[in-house]
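*Asks:* The structure's right below; bear with me while I get my questions together.
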Amino acid sequence: MKASLARRAWQPIKRLVSRLWGPRMVGGFVRGDGEFLPHTRLSNSAVVFAREQLDVGDHVFIGHFSVLDATYGLRIGEGCQIGFFTGVFTHSSHAAIRLYGREYVKVADKQAYFTAPVEIGPYCFVGAHATLLPGTRLGKGCLVSAYSLVQGEFPDYAILAGQPAKVVGDTRKRDAQLLRQHPELAVHYQAWAGELP
């Protein structure tokens, strides 16, 4: 549903005012296209660059002190959880600044300035202190372990860990165990995944 003008104006004020009480999760999010996501929660200490380039689904959680760089396109699917102190980046200038030195700020079209969109599939979990680099694509249901450094494309349900992150498992294995213990949840799992593990 599209957010009213009043709701669009209130959302940034609500986040700002909430900072008086320290880090807090702020419920409800107005996406750059004006769509209101009532179940998405974003910390008042999280920073989003180029908010208009952020395509986020509902039921998303973005934790305290995270940085989301959407400058070159960032898609976060429904039901994702982004842990505290996490960085998601769509550009990297570290090589360019070393190459150009003091001339860096004077050059508009830089060499070795890397840009690429990032896509996080639905119902992924990104652990605290993880970093996702430009061009990263996670399939649905992935789990990124805390402190991982992620770059590249990864399949649905991959468990990633390490620096650089590698596939170390499949979330469906644990999901199958949990669904055997709680069979009443199978209908909910199948609703987003399309099939049972």
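A quick yes/no check of all residues on (1) under 18 Å from LYS140 (Cα atoms); (2) of a type outside the set (Lys, Arg); (3) in contact with a Gly (Cβ under 6 Å, 6 or more places away or on another chain):
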site: VAL48; (1), (2), (3): no, yes, no
site: GLN53; (1), (2), (3): no, yes, yes
site: ASP69; (1), (2), (3): no, yes, no
site: CYS80; (1), (2), (3): yes, yes, no
site: ALA116; (1), (2), (3): no, yes, yes
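*Asks:* Then there's this: Using beta carbons and a limit of 6 Å, which pairs, at least six apart or on different chains, have the first residue in region 122-139 and within 11 Å of ALA165 (Cβ to Cβ) and among the hydroxyl-bearing types (Ser, Thr, Tyr) and the second one outside any strand (DSSP E or B) and open to solvent by 50 Å² or more (accessible area, probe 1.4 Å)?
*Replies:* Once the first residue is within 11 Å of ALA165 (Cβ to Cβ) and among the hydroxyl-bearing types (Ser, Thr, Tyr) and sits in region 122-139, its partners that are outside any strand (DSSP E or B) and open to solvent by 50 Å² or more (accessible area, probe 1.4 Å) give THR136/GLN151.
*Asks:* Need at least 2 residues that are surrounded by 13 or more Cβ atoms within 10 Å (Cβ to Cβ) and at pLDDT 95 or above per element, so show me which helices (runs of 4 or more DSSP H) inside region 92-197 make the cut, counting only ones lying wholly within it.
*Replies:* The qualifying helices (runs of 4 or more DSSP H) are 171-181, 186-193.
*Asks:* Taking only pairs six or more apart or across chains, which ones have beta-carbon atoms under 7 Å, a first residue in region 97-119 that is farther than 23 Å from GLY152 by Cβ, and a second residue that is open to solvent by 70 Å² or more (accessible area, probe 1.4 Å) and not in a loop (DSSP other than H, G, I, E, B)?
*Replies:* From region 97-119, the pairs are TYR104/ILE97.
*Asks:* Every residue in region 10-28 that is open to solvent by less than 70 Å² (accessible area, probe 1.4 Å), out of contact with any Lys or Arg (no Cβ under 7 Å at 6 or more places or on another chain) and either modelled with pLDDT of 75 or more or assigned to a loop (DSSP other than H, G, I, E, B) (or both), please.
*Replies:* Hits for region 10-28 are GLY22, PRO23, GLY28.
*Asks:* Considering only residues that are open to solvent by 50 Å² or more (accessible area, probe 1.4 Å), assigned to a loop (DSSP other than H, G, I, E, B) and among the acidic types (Asp, Glu), which ones fall in region 35-81?
*Replies:* GLU78
The values are calculated or read from the model by the stated rules, or taken from the named source; none is laboratory data. From a predicted model like this one, the values you see are computed outputs, not experimental measurements. Using ideal geometry, Cβ is built from the backbone for each residue, glycine included, and neighbour counts are taken over all protein chains shown. Heavy atoms of the whole protein, side chains included, go into the accessibility calculation; ligands, DNA and RNA do not. Shrake-Rupley method; radii C 1.70, N 1.55, O 1.52, S 1.80 Å.
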